[in-house]
Amino acid sequence: MELEMASMASAIGVSIPVLRFLLCFVATIPVSFLWRLVPGTLAKHLYAGLSGAALSYLSFGFSSNLHFLIPMAAGYASMLLCRRYCGILTFFVGFGYLVGCHVYYMSGDAWKEGGIDATGALMVLTLKVISCAINYSDGLLKQEGLHEAQKKNRLIHCPSVIEYFGYCLCCGSHFAGPVYEMKDYLDWTAKKGIWAHSEDKPSPSPYVATSRALIQAAICMGIYLYLVPHYPLSRFNEPIYYEWGFWKRLHYQYMSGFTARWKYYFIWSISEASVIISGLGFSGWSDSSPPKPQWERAKNVDILGVELATSAVQLPIVWNIQVSTWLRYYVYERLIQKGKKPGFLQLLATQTVSAIWHGLYPGYIIFFVQSALIIAGSRVIYRWQQAVSPKNAIFSKMLTFINFAYTLLVLNYSCIGFQVLSFKETLASYQSVYFVGTIVPIMFILMGYIIKPARPVRPKAQKSQ
């Protein structure tokens, strides 16, 4: 068996641990499908939790479930013993333990070198445990003054141990997400809310959407396997890279980031297929005639939305969608003081939390801190766009193109730090193109203080950014 694994791993160019993970990860699709056949709510919770634990064991070994048990136990204990403060306690305990695992296992170096460990799954699990505790704490608050997300997700009653167990490890969904809410998980299992059977609308069929996600996954993997030999990350450490001119180095940075993204597109497409086929990914019916089932809860990326983004502000909405939503609900919105508008500090704090969640590597921290600058610069361009009269269509389109080119430049420049991770390599790659992706956002931010647009002439409904 080990020999067969070795030959298979060699054939596709990955290590045996990565191959084992990929096999277990793909297995989440049939495992999630079988959930539909399990009778009874209690049995479904047990199946969800036990199947997730089994897949974790097969993928990462027995120690992985021990690692998962610690934040799970800490979160549940805080809900039982200290409901008022269980959210904040679980937040710091969960993140503290996650950071400790990142440091101990040096997970970023392992991923960079093609290895794998349980910290990636622990990252997803940590967010789920924290959101559950925060929502249970929110159950003590009055609805007046709460954000819409708080009203929707707050938990009045503490979930049982079995419900909590099933939610945390559900059919291996903790491997790569998407992150979802405890209330949605409970409604899905009990067939309540949008999952309730009704005579008006039949139960949504997941098979077309699942097939679409699987085809997308196959295409993404094909593109990644084609591109990665041509644009290896190791090129940034080779003398030939520094012999190239500015434009060729900038182009290589773009292609390196472009290549790396297809790996994530593949992973998220598989997780999307898994969550769709279970039914949990269902998010309601469209307004079309006839109505069509929508699966937004399973969606973690909009590929065209990322690659053709006309504003950096759009990126959190189309990349790692469910984690971005989590950061907005549980960090960004909760830092906004009542009666005040959010500013750069809330954005910076949110991006810093995201960096810590990924690991304490300089490349992560630099990337996410810089992403706050990127979004702030893009907002300046967007405000200029909003101030342009509809009659001046050419100038408006010019600003749209500038925002698109700006996003393309700074995203692919910045993401090199996310890939190389070390401070020295990140600084060297940025310096090789004269820090253009750092200087340009700062220039736009400063220009925003000088060139202040007049009142927008467009309706308020259009000011989504």
Relative contact order (percent, whole number), segment 161-286, Cα cutoff 8 Å, 6+ residue spacing
40 percent
Segment 191-285: equivalent-ellipsoid semi-axes (sqrt of 5 x gyration tensor eigenvalues, Cα, Å):
43, 12, 9
May I ask you to evaluate 6.51 cos²θ - 1.76 cosθ + 1.60, the Karplus curve with θ = phi - 60°, for each residue of segment 356-364 and list the ³J(HN,Hα) values in order in whole Hz, giving x for glycine and proline?
5, 4, 6, x, 8, 8, x, x, 5
Positive-end residue of Gln143, Thr126, Ala387, charge dipole of the chain with Cβ unit charges
Ala387
At a Cα cut-off below 24 Å, give the lysines reachable from Lys424, other chains included and same-chain residues fewer than 8 away excluded.
Lys112, Lys248
So what's the convex hull volume per residue for the Cα atoms of the chain, in Å³?
168 Å³
Taking the Cα centre of the chain as origin and charging only Cβ (+1 Lys, Arg; -1 Asp, Glu), how large is the dipole, in debye to the nearest 20?
1800 debye
Amide proton proximity set for Gly284, modelled H, under 5 Å, gap of 5+:
Gln294
Quantify, in whole percent, the carbon and sulfur part of the accessible surface of segment 214-279 (1.4 Å probe; protein heavy atoms only).
69 percent
Could you go through segment 309-322 in sequence order and give the Karplus-derived ³J(HN,Hα) for each residue, using 6.51 cos²θ - 1.76 cosθ + 1.60 with θ = phi - 60°, rounded to whole Hz, and x for Gly and Pro?
4, 8, 7, 5, 5, 6, 4, x, 7, 10, 10, 6, 4, 6
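Using the alpha carbon gyration tensor of segment 110-205, what are the three equivalent-ellipsoid semi-axes (square root of 5 times each eigenvalue), largest first, in whole Å?
In descending order, the three semi-axes are 27, 20, 12 Å.
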Which is the longest run of the chain containing none of the GluC sites (Glu not before Pro) found in DSSP loop states (not H, G, I, E, B) with at most 12 other C-beta atoms within 10 Å?
200-465
Do you know the relative contact order of the chain, to the nearest whole percent, from alpha carbon pairs under 8 angstrom that are 6+ apart?
15 percent
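Express the relative contact order of segment 237-367 as a whole percentage, based on alpha carbon pairs under 8 Å and six or more residues apart in sequence. Display every interim value, and only then the final one.
Values: 92 pairs, mean separation 15.7, N = 131.
Relative contact order comes out at 12 percent.
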Check: segment 238-309 dipole with +1 on Lys, Arg Cβ and -1 on Asp, Glu Cβ, in debye:
40 debye
Mean projected area (nm²) of the alpha-carbon convex hull when segment 306-431 is viewed from all directions:
8.7 nm²
Leaving ligands, DNA and RNA out of it, report the carbon-plus-sulfur percent of the accessible area of segment 90-193 at a 1.4 Å probe.
62 percent
Once Rh for segment 227-267 is found with the Kirkwood sum over Cα pairs, what is the Stokes-Einstein diffusion coefficient at 4 °C and 1.567 mPa s, in µm²/s?
120 µm²/s
Figure the gain on full extension for Ala196 and Tyr85 (residue separation times 0.36 nm, minus the Cα-Cα span) and round it to one decimal in nm.
36.6 nm
Extended-chain gain in nm, criterion 0.36 nm per residue less alpha-carbon gap, Glu144 and Glu4
44.4 nm
Assuming R0 = 51 Å, can you tell me the calculated FRET efficiency for the pair Lys248 and Lys152, based on Cβ-Cβ distance, to the nearest 0.05?
0.55
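Given the Cα-Cα distance of Gln337 and Ser422 and 0.36 nm per residue of separation, how much length would full extension add, in nm?
Contour length minus the Cα-Cα distance gives 27.0 nm.
If a/c stays under 1.5 just call it rounded; otherwise compare a/b with b/c (prolate if a/b is bigger, oblate if not). Do that for segment 8-71, with a ≥ b ≥ c from the square roots of the Cα gyration tensor eigenvalues.
oblate
The values are calculated or read from the model by the stated rules, or taken from the named source; none is laboratory data. Keep in mind the model is a prediction, meaning the values are calculated, not measured. Cβ: placed from backbone, ideal geometry, glycine included. Neighbour counts: every protein chain shown. Side chains are part of the model used for accessible areas, which takes the heavy atoms of the whole protein and leaves out ligands, DNA and RNA. Shrake-Rupley method; radii C 1.70, N 1.55, O 1.52, S 1.80 Å.
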